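S.K.: Okay, handing you the structure first.
The values are calculated or read from the model by the stated rules, or taken from the named source; none is laboratory data. Please read all numbers here as calculations on a predicted model, not as lab measurements. Because the Cβ atoms are built from the backbone with ideal geometry, glycine has one as well, and the counts that use them run over all protein chains shown.
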Amino acid sequence: MQTRTERDSMGSMEVPADAYYGAQTERARRNFEIGGLRFPRAFLRALGLVKKSAARVNVGLGLLDARLGGLIEEAAQEVVDGRLDGWFPSPAAPTSWRRARAGADRPSTPTTP
């Protein structure tokens, strides 16, 4: 499996090269894999709707570049439609809600080193 190096406040972490998430999600995936519990589809759909709406509003207010806003809306729609559910691998535990929200902030392509 090919990997890429992601960095955060805790240091470096090898993440699958095609992953749509970063170091914090990979740590959670490795360290807290308990029972396979995942975020409900309804939660992920709602998260996508919030992100899509926020992008649209921020473009309208002139706070976000229209091109970037369009890309965020496209990625958010993929979350709404369930096409990216597999990219929210963190277990559904109280400490992982922030990671899910942060995961939804990522573009619809893997991050680059």
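S.K.: So, in the stretch 70-84, exactly how many residues are out of contact with any helix residue (DSSP H, G or I) (no Cβ under 6 Å at 6 or more places or on another chain), closer than 16 Å to PRO40 by Cα and surrounded by 14 or more Cβ atoms within 10 Å (Cβ to Cβ)?
M.R.: Summing the residues that are out of contact with any helix residue (DSSP H, G or I) (no Cβ under 6 Å at 6 or more places or on another chain), closer than 16 Å to PRO40 by Cα and surrounded by 14 or more Cβ atoms within 10 Å (Cβ to Cβ) in the stretch 70-84 gives 1.
S.K.: Further, regarding this structure: Does ARG7 satisfy the condition of being within 20 Å of ARG83 (Cα to Cα), modelled with pLDDT under 95 and charged (D, E, K, R)? So that I can check it myself, show each step before the final result.
M.R.: Values: within 20 Å of ARG83 (Cα to Cα): no; modelled with pLDDT under 95: yes; charged (D, E, K, R): yes.
Spelling it out, it is not the case that ARG7 is within 20 Å of ARG83 (Cα to Cα), modelled with pLDDT under 95 and charged (D, E, K, R).
S.K.: Kindly provide the set of residues from the stretch 2-31 that are touching a residue at least 12 places away in the same chain (Cβ under 8 Å), in a loop (DSSP other than H, G, I, E, B) and under 26 Å from ILE72 (Cβ atoms), ordered by number.
M.R.: ALA17, ASP18, ALA19, TYR20, TYR21, GLY22
S.K.: Inspect the stretch 39-48 for any residue being at pLDDT below 95 and either in a loop (DSSP other than H, G, I, E, B) or touching a strand residue (DSSP E or B) at 6+ places or on another chain (Cβ under 6 Å) (or both) and give the result as yes or no.
M.R.: Scanning the stretch 39-48 turns up at least one residue that is at pLDDT below 95 and either in a loop (DSSP other than H, G, I, E, B) or touching a strand residue (DSSP E or B) at 6+ places or on another chain (Cβ under 6 Å) (or both).
S.K.: Say we look at the stretch 10-37 and pick out the residues that are under 18 Å from the mean Cα position of the chain (by Cα) and among the hydroxyl-bearing types (Ser, Thr, Tyr); which of these is farthest from TRP87 (Cα to Cα)?
M.R.: Of everything passing the filter in the stretch 10-37, THR25 is farthest from TRP87 (Cα to Cα).
For (1) over 12 Å from the mean Cα position of the chain (by Cα); (2) in a loop (DSSP other than H, G, I, E, B); (3) within 23 Å of GLN24 (Cβ to Cβ); (4) modelled with pLDDT of 95 or more, each residue gets a yes or a no:
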{"site": "LEU63", "(1), (2), (3), (4)": "yes, yes, no, yes"}
{"site": "ARG67", "(1), (2), (3), (4)": "yes, no, no, yes"}
{"site": "GLY86", "(1), (2), (3), (4)": "no, no, yes, no"}
{"site": "PRO89", "(1), (2), (3), (4)": "no, yes, yes, no"}
{"site": "TRP97", "(1), (2), (3), (4)": "no, no, yes, no"}
{"site": "ALA100", "(1), (2), (3), (4)": "no, no, yes, no"}
{"site": "ARG106", "(1), (2), (3), (4)": "no, yes, yes, no"}
{"site": "PRO110", "(1), (2), (3), (4)": "no, yes, yes, no"}
